[in-house]
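To start, the structure itself, in structure tokens.
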Number of protein chains: 4
Amino acid sequence: MTTETNSWGRWGADDERGALNKLTEENVMSAVRAIATGRSYQLAIPIQHAGTPVLDYRGAPHRLTLSSCHDPEMFSGYGAPAGTGANEDILMIACHNGTHMDSLSHVFADDKIYNGFAAETFKPNSGASRAGIEKCGPVIGRAVFLDIAELHGVSSLAADVVITADDIIAAERRQEVEIRPGDIVLLRTGWMEAYFEATSRGETLPFEQPGIGKSASKLLVERDVAVVGSDNWAVESIPSDGGFLEAHIELQVRHGIPFIEGLTLGELSRDKAGYGFFVASPLPITGASGSPVNPVFIA
Amino acid sequence: MTTETNSWGRWGADDERGALNKLTEENVMSAVRAIATGRSYQLAIPIQHAGTPVLDYRGAPHRLTLSSCHDPEMFSGYGAPAGTGANEDILMIACHNGTHMDSLSHVFADDKIYNGFAAETFKPNSGASRAGIEKCGPVIGRAVFLDIAELHGVSSLAADVVITADDIIAAERRQEVEIRPGDIVLLRTGWMEAYFEATSRGETLPFEQPGIGKSASKLLVERDVAVVGSDNWAVESIPSDGGFLEAHIELQVRHGIPFIEGLTLGELSRDKAGYGFFVASPLPITGASGSPVNPVFIA
Amino acid sequence: MTTETNSWGRWGADDERGALNKLTEENVMSAVRAIATGRSYQLAIPIQHAGTPVLDYRGAPHRLTLSSCHDPEMFSGYGAPAGTGANEDILMIACHNGTHMDSLSHVFADDKIYNGFAAETFKPNSGASRAGIEKCGPVIGRAVFLDIAELHGVSSLAADVVITADDIIAAERRQEVEIRPGDIVLLRTGWMEAYFEATSRGETLPFEQPGIGKSASKLLVERDVAVVGSDNWAVESIPSDGGFLEAHIELQVRHGIPFIEGLTLGELSRDKAGYGFFVASPLPITGASGSPVNPVFIA
Amino acid sequence: MTTETNSWGRWGADDERGALNKLTEENVMSAVRAIATGRSYQLAIPIQHAGTPVLDYRGAPHRLTLSSCHDPEMFSGYGAPAGTGANEDILMIACHNGTHMDSLSHVFADDKIYNGFAAETFKPNSGASRAGIEKCGPVIGRAVFLDIAELHGVSSLAADVVITADDIIAAERRQEVEIRPGDIVLLRTGWMEAYFEATSRGETLPFEQPGIGKSASKLLVERDVAVVGSDNWAVESIPSDGGFLEAHIELQVRHGIPFIEGLTLGELSRDKAGYGFFVASPLPITGASGSPVNPVFIA
């Protein structure tokens, strides 16, 4: 990794937020101008035990009932009259399944995370002492939606398609938008819709997935983006066209650019979206390396 | 409950979103005008095992490590070189602890939730078939921040203070703001800051808490608000100045107005905030009666 | 169900232990005589996230690290010197996956569990107020191991084999053992070994499984056994040769005979076991309808 | 630690079971002779969310409902008639709260666990590769119950009492029993009963607890016991009369003698028990450093 450029130190030796520092108040004011109609889109897939993409070792989430109307005695101790009470839940969830945001403590290479912090600053008990998700704060800025599947004239990219820098440039031209520094780039592969379609037919998709490769990663760094999101497991293609987690390492570790993964972008495609005002607000889970999010795109 | 007015049927017999229907595209476009500086505030408290307010029967959340750099073997199967891999977490959390949003399946009275759906539409295994949190969608609109503690000239209201309609009207005047239909009203009691201060001194606060009472609830219904949030456990005072969960029943059950509870509003107070653009995007947990959120207020 | 015989009331109208009442002190003293060599066998399969049989809606168990040597700071607050501390775990487990014991609150038919208690005595929040696993106490008695797979001359019964009363009688004769009242009957289908063999080859087994059917259930009731265990998911065949959960209803609901499911009985087969001293001690989880166990058979 | 004697290598350089190797078939046959009446005692406290001793950082266990009669639709997909189905649970539990057994991967000192294995053989993701609880197998042998509280003429030892070697010898004499090599020693402090009594009065006990100290630890090593259990949090006194986790280090790390902690021994005291046949069968949780157990003592 030593011969690669990186952004370590760009926001100070103690910085834990990386490219999120680009999301300044001025950037927010500028992003507001992307709002044209007030129509909003939520970009998260459902959180439920069955029917969503899950890596086996993580396990599917569980919503479990903590209290409900079926157990009226529990409220009587509080003086509740019959028929009155509250339904409540407990959620168990792997933070990197489903629609989620990676913090900059998520991926490490050469035993280091972003900004050169030791990978071991992530402790099993207490989690990330550096670059935990609680350090990120909300992601607020201008989103540029690029429909790579549409660019290729397909409903979803084939499993072995690696999105290139040329794809991104061509998508910008086709949609007449332009990625500027500090933008949040949303790349649609169509994989998530393909997943749900396959599931509804009782079929499964292969582990391999379309996503960005090496040239696209380099371009996104050059364009100085703040965040990259996509509608697949890893933003990057599986397998990578480089080494293991190549794009994670290039963007997250070297340049502090977080990913939002597992998005659903079909509605943006149907409405031919381009620019939008974007808000994703990760839960401030102390020491976590990621958080489930339900991002909002306002057109 | 039969003699009370309610909003059942106002948005159709099948509606599960209640006052969130007020958050139209026009409302969003109007709310955007509340953005003056681009400065943003996140309103959630930390999610961690110790040091945050937790009801005993719910238990404190746990972030647990699923994978980390301390277990390098797990990545070698994927072809990862030494020193490269990913830190990951599992989160266990009661959905109604900490900063969260109630769905309209949360509270029931006379065996009914909002819009007259039977409380039993919430099933222990599958959760809410009616008015689950996944039906809400993101909360996007104009927030009106009212600093009731400041109005009373205190850093935090005493445990036995019940916020009245007159308090709300006086706060509007003092801060020169006005609640309009479809607004998101954020009421600061100062309780959350008092909680963290007490904890830092090794002390605890009593279970009793300041919050809204009957007259304030009625006023908020009259003003036709979309959502009410506060920096305490229940938005309403504990105990209620009426029956058990009186304000929940008046606002959520009768009028479909969801609550966002457990906010931290100290920074808004310090910056003397008034209007803001507000986004809270609950996780779409199928069948859940609530979700943790990290709401954003953009001034 | 009304025309069937049952054992309701046999141990009193308030009894919650059913056939476990047969496990008297005298019965224990008699069972001790089954110990010939002191060789012991543990009958549970591993509890781990991958590689064991799991019903999808339950999810696989998770062992997660709560504290470890990789996080030395956590112990320094207790005055621990460097290099000293404790590794600790959290376990999340569905009580009816893997090797477990059903309590008599597990299965209901005609809205009733064993002894005629209403199925609704199981509440979502507090669990079983009647016949919870904490009412069972340890299962201590004489086990009779019957190797039905060996009887059929196969390593494991085919998926569509239903074990009959004649099978049980033939196995008793072949192995020269006899089921007496109060015995714990362990029936080997070979399914569990077939499962692990298939898994090791990267294959899966069908959902359908061998197990007891209607005539075997009737015989086990007539023989007045205390507990029935088997090396499959449900003791009974899947699908049942009668109605849904037919054997559960006949044995557990009507006659209070609990099941221990998901055993591994291959070692007992290899050692041609017959009688044994048996101990299975469910965790006293207040209100649970089952518990993981690691039963012991002492030959 | 280098100047202390230890049992490393006694059962081979690869041994992960330590003193459990003393529990031979001969030992079991001998232990059977301790059975006089067939009366059995279960020694675990309830597993429930409230009312049991819990270390804050571990959190209390949760039993949550996975399926129940209150959600009949879930079974209809399986062809279940109305009124028929199953109640099921999920359990979340810290393995070292409540009544549990430590594996020899639990405590480390000088960066080593029992037998000199590196503490780092416990990995956050996969847990213990050495001396995990799944390596223990069931604990079957002769128990010697020593009632130290009775010896001192109190219902429970005061918080600052450290049990000494002389206490153990005096208790043997008073109860006319003798600890032999390979025995399982159960020491009653009365703390657990005091805990539940205090809780029933709405009071709490101090963190400090009675338990064994240095001289008792040395004696138990000399007597060559297999396992030590007690009715408190840590078997040893809190604080230790030596260094941090002194008795854990002496017995578990140096000599491979596991602990069973959090027992309830009041019934054994009331019945003036002495010798018993003992079975504790930890769940074979792959890689765990401990497991909840419900031990059985048969008099």
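The values are calculated or read from the model by the stated rules, or taken from the named source; none is laboratory data. Every value quoted in this text rests on a predicted model; they were computed, and no experiment measured them. Glycine also receives a Cβ, built like all others from the backbone with ideal geometry; neighbour counts cover every protein chain displayed. Keep in mind that these areas ignore ligands, DNA and RNA; they rest on the heavy atoms of the full protein, side chains included. Shrake-Rupley method; radii C 1.70, N 1.55, O 1.52, S 1.80 Å.
The Rg/Rh ratio of the range A:1-141, with both radii computed over alpha carbons and Rh defined as the Kirkwood radius, is 1.11. Placing unit charges on the Cβ atoms of the charged side chains and taking the dipole of chain D about its Cα centre, the candidate lying farthest along the positive direction among D:248, D:51, D:87 is D:87.
What trypsin sites (Lys or Arg not before Pro) does the range D:168-236 have in DSSP loop regions with at most 16 other beta carbons within 10 Å? Of the trypsin sites (Lys or Arg not before Pro), the ones in loops of the range D:168-236 whose Cβ has at most 16 other Cβ atoms within 10 Å are D:201. From the Cα gyration tensor of chain C, with a ≥ b ≥ c the square roots of its eigenvalues, which class applies: rounded if a/c is under 1.5, or else prolate if a/b is larger than b/c, or else oblate? Cα axes put chain C in the prolate bin.
Distances between copies at residue B:271, taken between label points 7 Å from Cα along the C-beta direction, are 2.7, 6.8, 7.1 nm in increasing order.
Under 17 Å of direct C-alpha separation, and excluding same-chain neighbours fewer than eight residues apart, residue C:112 reaches these lysines: C:123.
The translational diffusion coefficient of the protein assembly as shown, from Stokes-Einstein at 10 °C and 1.306 mPa s with a Kirkwood hydrodynamic radius over alpha carbon pairs, comes to 50 µm²/s. Less than 13 Å Cβ to Cβ from residue D:97, Lys/Arg counted +1 and Asp/Glu -1: what total charge do the surrounding residues give? Charge balance in the 13 Å sphere: -4. The label-point distance for residue A:57 and residue B:170, in a model that sets each label 7 Å from Cα toward Cβ, rounds to 6.0 nm. Sorted from greatest to least, the principal axis extents spanned by the alpha carbons of the range B:189-299 come out as 41, 34, 32 Å. Computed with a 1.4 angstrom probe on protein heavy atoms, the D-C interface buries about 6900 square angstrom of accessible area in total. Against chain B, whose longest principal axis is taken from its Cα atoms, helix B:191-200 shows a tilt of about 40°.
With label points set 7 Å from Cα along Cα→Cβ, the inter-copy distances at residue C:150 are 4.4, 6.9, 8.2 nm, sorted shortest first. Sites counted here are GluC sites (Glu not before Pro) in a DSSP loop (not H, G, I, E or B) having no more than 15 other Cβ atoms within 10 Å; the longest part of chain C that contains none of them is C:5-175. Mean partner shielding of peptide C:271-280, defined as the number of other chain Cβ atoms within 10 Å of each residue Cβ, is 2. Based on the Stokes-Einstein relation at 4 °C and a viscosity of 1.567 mPa s, and on the Kirkwood radius from alpha carbon pairs, the range B:64-186 is assigned a translational diffusion coefficient of 66 µm²/s. When the residues B:57, C:275 are ordered by accessible surface, computed with a 1.4 Å probe over the protein chains alone, the sequence from largest down reads C:275, B:57. At an R0 of 51 angstrom, the distance between the Cβ atoms of residue C:197 and residue D:272 translates into a FRET efficiency of 0.50.
Would you mind calculating the relative contact order of the range C:234-299 from Cα pairs under 8 angstrom and at least 6 residues apart, reporting the percent as a whole number? Dividing the mean separation by the residue count of the range C:234-299 yields 23 percent. Cα convex hull, the range D:156-241: 85 Å³ per residue, rounded to a whole number. Report the calculated FRET efficiency for residue C:150 and residue C:178 (r = Cβ-Cβ distance, R0 = 22 Å), to the nearest 0.05. That gives a FRET efficiency of 0.80. Taking each DSSP H run with n ≥ 4 as -39500 (n - 2.57) and averaging over every residue of chain B yields -4500 deg cm²/dmol at 222 nm. Distance between the C-alpha centres of the range D:173-245 and the range C:171-232: 42 Å, rounded to the whole angstrom. Sorting D:37, B:164 on solvent-accessible area from highest to lowest, probe radius 1.4 Å, gives D:37, B:164. Look at the stretch A:174-186: the mean tally of other chain Cβ atoms within 10 Å of its residues' Cβ atoms is 0.
A DSSP coil position with no more than 16 other Cβ atoms inside 10 Å describes the following trypsin sites (Lys or Arg not before Pro) in the range D:1-109: D:10, D:33. DSSP beta bridges fully contained in the protein assembly as shown are about 70 percent antiparallel. The largest-to-smallest principal axis extents of the Cα set in the range C:17-70 are 49, 31, 22 Å.
Each Cα pair under 8 Å and six or more residues apart adds its sequence gap; the mean of these over the residue count of chain D is a relative contact order of 29 percent. If you wrap the range A:120-209 in the convex hull of its Cα atoms and look at it from every side, the mean projected area works out to 9.2 nm². Taking the DSSP bridge list for chain A and keeping only pairs wholly inside it, about 65 percent are antiparallel.
Rolling a 1.4 Å probe over the protein heavy atoms gives chain A an accessible area of 33 Å² per residue. Put A:160, A:111 in order of accessible area, highest first, and with a 1.4 Å probe you get A:160, A:111. Label-to-label distances for residue A:178 across copies, nearest first, come out at 4.3, 9.6, 9.6 nm, using points 7 Å from Cα in the beta-carbon direction. In this simple spin-label approximation, residue B:5 and residue C:205 carry label points 7 Å from Cα along the Cα→Cβ vector, and these lie 6.5 nm apart. Any chance you could check the Cα centroid distance between the range D:127-149 and the range A:111-170 for me, in angstrom? Here the two parts' Cα centres lie 47 Å apart. Over the range A:92-231, Cα pairs under 8 Å with separation of 6+ residues give a relative contact order of 24 percent.
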